[in-house]
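K.L.:
Once you've had a glance at the structure underneath, I'll fire off some questions.
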Protein chains: 2
Amino acid sequence: MSREIAAEPLTPEAFAPFGDVIEARGAPSFRINGGMCDRHHDLARLDFTGPGNPRANISIGFGRPYALPLRLTLVERHPLGSQAFVPMTEDPFLVIVAPDENGVPGRPRAFLTAPGQGVNYLRNTWHGVLTPLGRASNFLIVDRVGGGNNLEEFSYAEPWIVNAV
Amino acid sequence: MSREIAAEPLTPEAFAPFGDVIEARGAPSFRINGGMCDRHHDLARLDFTGPGNPRANISIGFGRPYALPLRLTLVERHPLGSQAFVPMTEDPFLVIVAPDENGVPGRPRAFLTAPGQGVNYLRNTWHGVLTPLGRASNFLIVDRVGGGNNLEEFSYAEPWIVNAV
């Protein structure tokens, strides 16, 4: 089986098994501020569980860029909480996920975002690290703070090669 | 008393009585992803209370722009939850807040953001509506979903005029 993976455009349909696309797509949920603001409401399945008074927090990740083709060996998942990444720029970034196959990640999939798109990984979903392209940039992160072990890492025996769309 | 208000640069110190500046300022809280990402951790005092199973949600507000000088009459507050606005672009925006004086808002203050800055209004803090400048743009919103009445509005009898820095 080829170890080459072609990045796909990020769409809510393709990404649904792994999480939510956070974007202002389609008609707004409602309009506020006398029509000056369209609100696209409640776009991510936030899910925080486990010990130690779990709660949401807002952080910023300043991510340094990666080049394509990307050599991928490491993925991770968070058994106790969802994790959202939303760019604070209009730059695209790479989103890598993998299905779970009996406790280990299967063949990865890679998605390239369009400007205005972020993602929310569902709790316990295998994913790659934050992967900006082109330049270093800030991402808003909404994930879990609490007790317990919320990180599981996995290294593939052989690397996958992720190519541009 | 003059009804003219000069917008100030947004700093954590000046904004502290009203909320948090969400930005990647100073040394990161920790480094992740083999040094490729600086995490600035837990930057906002999220605070969701009241009836109806209150919880955090992630929404997007697509805000149409305002021009300066701005004629301000309306402010609002949310007695049951904090509310964060973080731009998904590098455009500056205007942040208007007001101290509470025996249940009504006092003289407003206006802050102009720098690229990479968002804000989190503390629960029950008087603030203006989402105020992009220059062009329409997307803002990530993290605020409360739940039951109860979470909106209080106030209209000043005379307008305030907000000017550029």
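The values are calculated or read from the model by the stated rules, or taken from the named source; none is laboratory data. It should be emphasised that the depicted structure is a prediction, and the values quoted were computed from it without experimental measurement. Every residue, glycine among them, receives a Cβ derived from its backbone with ideal geometry; neighbour counts consider all protein chains shown. For the accessible areas, the whole protein counts, side chains as well, though only heavy atoms, and no ligand, DNA or RNA atoms are used. Shrake-Rupley method; radii C 1.70, N 1.55, O 1.52, S 1.80 Å.
K.L.:
If we hang a label 7 Å off Cα along the beta carbon direction at residue A:71, how far is it from the matching labels on the other copies, in nm, shortest first?
P.N.:
Its label point is 6.4 nm from the equivalent points in the other copies.
K.L.:
Here's another thing I want to ask about it. If the only charges are +1 at each Lys and Arg Cβ and -1 at each Asp and Glu Cβ, what is the size of the charge dipole of region B:4-163 around the Cα centre, to the nearest 20 debye?
P.N.:
Magnitude of the dipole: close to 340 debye.
K.L.:
Label-to-label distances across copies for residue A:114, with labels 7 Å out along Cα→Cβ, in nm, shortest first?
P.N.:
3.3
K.L.:
Tell me, what % of the accessible area of the protein assembly as shown is carbon and sulfur with a 1.4 angstrom probe?
P.N.:
Percent of accessible area from carbon and sulfur atoms in the protein assembly as shown: 53.
K.L.:
With every protein chain in place, what's the accessible area of residue B:5 (1.4 Å probe, Å², nearest 10)?
P.N.:
10 Å²
K.L.:
If you take each beta carbon of peptide A:59-69 and count the beta carbons of other chains within 10 angstrom, what is the mean?
P.N.:
Per-residue shielding by partner chains comes out at 5.
K.L.:
With a 1.4 Å probe on protein heavy atoms only, work out how much accessible surface B and A bury together, total over both chains, in Å² to the nearest 100.
P.N.:
Heavy-atom accessible area buried at this interface is about 3700 Å².
K.L.:
Inter-copy label distances at residue A:136, 7 Å along the Cα→beta-carbon direction, one decimal in nm, shortest first?
P.N.:
3.5
K.L.:
Looking at chain A as a GNM with Cα springs under 10 Å, which of A:41, A:78, A:127 has the largest mean-square fluctuation?
P.N.:
A:41
K.L.:
Another one. How big is the accessible area of residue B:156 in square angstrom, nearest 10, if you roll a 1.4 angstrom probe over the protein chains?
P.N.:
20 Å²
K.L.:
Nearest-to-axis residue of chain B, judged by Cβ, for the B-to-A rotation, with distance in whole Å?
P.N.:
Checking which Cβ lies nearest the axis yields B:56, 2.
K.L.:
Would you look at the GNM of chain B, springs on alpha carbons closer than 10 Å, and say which of B:30, B:48, B:111 moves the most?
P.N.:
B:30
K.L.:
Hey, how many Å between the Cα centroid of region A:1-54 and the Cα centroid of region B:1-44?
P.N.:
Centre-to-centre (Cα) distance: 25 Å.
K.L.:
GNM on chain B, C-alpha springs below 10 Å: top fluctuator among B:130, B:68, B:46?
P.N.:
B:68
K.L.:
Using a 1.4 Å probe, what is the accessible area per residue for the protein assembly as shown, in Å²?
P.N.:
With all protein chains present, the protein assembly as shown gives 42 Å² per residue.
K.L.:
Follow-up question, since we're still on this one. If all Cα-Cα distances of region A:4-163 are sorted into 10 Å bins from 0 onward, what percent lands in each bin, rounded to whole numbers?
P.N.:
10, 37, 37, 13, 2, 0
K.L.:
Can you give the average number of partner chain beta-carbon atoms within 10 Å of each beta-carbon in peptide A:36-49, as a whole number?
P.N.:
Taking all residues of A:36-49 together, the mean is 6.
K.L.:
Next question, about the same structure. Could you list, bin by bin from short to long, the percent of Cα-Cα pairs of the protein assembly as shown in 20 Å steps?
P.N.:
Calculated over all Cα pairs of the protein assembly as shown, the distribution is 31, 55, 13, 1 percent.
K.L.:
Let me ask something else. In chain B, once you exclude exposed trypsin sites (Lys or Arg not before Pro) (DSSP loop, at most 15 other Cβ within 10 angstrom), what's the longest stretch remaining?
P.N.:
B:46-134
K.L.:
When the helices in chain B are scored as -39500 (n - 2.57) per DSSP H run of 4 or longer and the sum is shared across all residues, what 222 nm value do you end up with, to the nearest 500 deg cm²/dmol?
P.N.:
One gets -500 deg cm²/dmol as the mean residue ellipticity at 222 nm.
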